[in-house]
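K.L.:
Below is a structure I'd like to ask you about.
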Amino acid sequence: MHKARGIAVAAVAAAALFLSFVSAGPASAVTTGTGTLVSPRTGMCITVAAASRSVNAHITQWPCNGSTAQQWVLGSGYIKNVNSGLCISDRDNYSRGVALVQGYCTEAGAGWLEEGDIIDTGSGSNPYFCVTTYGGSESAGAWLTQWTCSGSNLSQLWELRS
């Protein structure tokens, strides 16, 4: 089962770039680059737990510290960690609330960037999912999950900083 996922980076305020999340579907442009993904709500970065290089290590939010565990390459079809060379993945699980981990960039559950937002479009009647902090947590170490996209859910907004 193939899933299309995507990311769009929009200019907000004085050239700040925000990864926008919408439930209507992917936007038309692909954005690529390297940097950190920061929550404007918490100021924390998307991080591989304990800077692990292992498959299935959890993806969390953690205070930004400049480490390579918080550096991401955004490409056409993936979000790859600089430290591990592995990609954000849902382990090919299309369920809402699934904890995100890092996995091989070639597996079906690793495709996040294509034509719009960081969303998991699933297929057929599956809803769009967005990268979300578990339960909307503002705590360091909170796992990231996939959840139904909502334009008003601040735990789904991530700023790309290069």
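K.L.:
With a 10 Å Cβ neighbour count serving as the proxy for reagent exposure, in which order, fewest first, do Val55, Val38 appear?
P.N.:
Sorted ascending by nearby Cβ count, the order is Val55, Val38.
K.L.:
Enumerate the amide H contacts of Leu86 below 5 Å, restricted to partners 5 or more residues apart or on another chain; note that Pro and chain-start residues carry no placed amide H.
P.N.:
Asn81
K.L.:
Would you mind checking which residues have amide H under 5 Å from Val98's amide H? H placed 1.01 Å from N; only 5 or more apart, or other chain.
P.N.:
Sorted by chain and number, the residues that satisfy this are Gln146.
K.L.:
Let me ask something additional. Using the Karplus curve 6.51 cos²θ - 1.76 cosθ + 1.60 with θ = phi - 60°, what ³J(HN,Hα) values do you get for each residue of region 45-55, in whole Hz, with x for Gly and Pro?
P.N.:
9, 5, 9, 7, 3, 6, 6, 5, 10, 8, 4
K.L.:
I've got another one for you. First select every other residue whose beta carbon is under 10 angstrom from the beta carbon of Val101; then total the charges, Lys and Arg +1, Asp and Glu -1.
P.N.:
0
K.L.:
Assuming 0.36 nm per residue, please report the length gained on full extension of the stretch Ser139 to Ser54 beyond their Cα-Cα distance.
P.N.:
28.3 nm
Throughout, read-outs are computed from the coordinates displayed, never taken from laboratory work. Remember, predicted model here, so these are calculated numbers, not experimental data. In this analysis, Cβ positions are derived from the backbone assuming ideal geometry, glycine residues included, and neighbour counts consider all displayed protein chains.
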